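Beneath this line is the structure, given in structure tokens, with notes to follow.
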Amino acid sequence: MHKINRRQSLALLGAAATLPQAAHAALNWADTERAARGQTVYFNAWAGSERINAYLQWAAGELQRDLGVKLQHVKISDAADVVKRVRAEKQAGRKDTEGTVDLVWINGENFAAMKRDALLSAPFAQTLPHFKWVDTVGKPTTLVDFSVPTDGLESPWGMAQLTFFADSLRLPKPPQSMAELLALARTQPGRITYPRPPDFHGTTFIKQALIEHAPDVKVLAQAVTPTALAAQAAPLWRFMDALQPHLWRGGKQFPQNSAAVRQMMADGELLMALTFNPNEAANEIAAKRLPGTVQSWQFAKGTIGNTHFVAIPYNAPSKAGAQVVANFLLSPAAQARKADIDVWGDPTVLDVARLPAAERARFQGAARLGQLSQSVLALPEPHASWVDALEKEWVRRYGT
């Protein structure tokens, strides 16, 4: 066997040190892919949509065939339950490879809790090869989650923005602000509502009203305090008090979720519905569950927008496999399929304009009935700590 002497060894080390950073990253990623091959990744993800479940089944097939990674969808109803489980594992002394979760679909207050309590693995997102295509400029929420910096601890997966939709035959002139929505409710009592918090659509409705009424929206980017809540939310509660008696069933009952609101709108009981997926109405029209006369819109001065992510717990047994899955979910092929209304219709986190022509072509398709005719400014989410404070105050005022 040929031996390498000390001088040759130093020369090799020096050559490695001069390798471009991209080359180093490629070598490291090849090691990650090799380590991931044969691993099973337990991906804890919301399972409330047949389309999303089917998309993950497709992803599992691609990952197994091309990368030798088995993706197991662990179906959950609330990411908060996963946070509790990982926290309990840490309190029980579970070591860094003895967890039950490899990857979790997460954002907002759940990410903030995992980051605060050191429940996440080392930063990984910006080392993923496909991260270079993420639109961190036009979509700054890919780096900031509910005003909490992600610091590479979670990888962006999809975009969301508060969007309303209604049948244009029943509502030809939709409201363009919370003030206009209140005016409409006064002329159409009982035909507008929102889901009961803590359903996140209902909480988002409240946060939208908060942003539109807060005396100083910059305060909302900071952790909530009793003083800040009292000062910034006082105009919100005056607005909510004015709206309450004009809501469906006089504001004494609320639908449990946005799907119920959508069905009530489809049945003609309500005038409008709300969603966090700008393509939902188009999805429902394509599935023939809504008529082609339904239109989507966002308020003229902007609506709350955010990014949803995937993250790796500190004690994930298959950390390499989890990174490979996260990278695949960022690939142009996977992002384009996810954005396809016939598949899921979840907006991409990528900067499509920067993609190579062949990859860019994956995202090109004809406009669909029900799609937004124009996107508006995505307003940043308040700091994650505002969620619990607003929900508790809403329950105290309106939830009994």
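Observations
- Normalised by the number of residues in the chain, the average gap of Cα pairs under 8 Å and 6 or more apart makes the relative contact order 27 percent.
- DSSP bridge pairs, the chain: antiparallel proportion in percent, nearest 5: 65 percent
- Linear extension gain, Thr127 paired with Ala92, 0.36 nm per residue minus alpha-carbon span: 9.5 nm
- Ordered by the number of other Cβ atoms lying within 10 Å of each residue's own Cβ, fewest first, Trp58, Trp133 fall into the sequence Trp58, Trp133.
- Extents of segment 293-382, taken as max minus min of Cα coordinates on every principal axis and listed largest first, are 49, 38, 25 Å.
- Here the Karplus curve 6.51 cos²θ - 1.76 cosθ + 1.60, taken at θ = phi - 60°, turns the phi angles of segment 102-116 into couplings of 9, 8, 9, 7, 7, 5, x, 5, 5, 5, 4, 5, 5, 5, 4 Hz, with x standing for Gly and Pro.
- Here is how the number arises for the chain: DSSP H runs of 4 or more residues each give -39500 (n - 2.57), the sum is divided by the residue count, and the result at 222 nm is -12500 deg cm²/dmol.
- Efficiency of FRET from Cβ geometry, Thr225 and Lys75, R₀ 41 Å, rounded to 0.05: 0.65
- Helix axis angle, 178-187 relative to the chain longest principal axis, alpha carbon, degrees: 40 degrees
- Burial ordering of Tyr398, Tyr194, fewest other beta-carbon atoms within 10 Å first: Tyr398, Tyr194
- Helix 385-398 axis, angle to the chain major axis (alpha carbon atoms, nearest 10°): 30 degrees
- Semi-axes of the equivalent ellipsoid for the chain, computed as √(5λ) from the eigenvalues of its C-alpha gyration tensor and ordered from largest down, come to 42, 24, 19 Å.
- Rounded tilt (10° steps) of 319-330 against the dominant C-alpha axis of the chain: 60 degrees
- Least to most buried among Lys319, Lys75, Lys173 (fewest other Cβ within 10 Å first): Lys173, Lys75, Lys319
- Listed residues Met272, Gly251, Met240: farthest to the positive end of the dipole of segment 218-310 (Cβ charges): Met240
- Looking at segment 30-129, the GluC sites (Glu not before Pro) that sit in a DSSP loop and have at most 16 other Cβ atoms within 10 Å of their own Cβ are Glu98.
- Dimensions in Å of segment 122-198 - Rg and Dmax from alpha carbons: 19.1, 54
- Magnitude of the charge dipole, the chain, Cβ model with Lys/Arg +1 and Asp/Glu -1, debye to 20: 380 debye
- About the centre of its Cα atoms, segment 110-231 shows a dipole size close to 320 debye [charges on the beta carbon of Lys, Arg (+1) and Asp, Glu (-1) only; nearest 20 debye].
Every number here is computed from the coordinates shown, using simple stated rules; none is lab data. Fair warning: this is a prediction, and the values are worked out from it, not measured in the lab. Cβ sites come from the backbone with ideal geometry, for glycine too, and all protein chains shown count toward neighbours.
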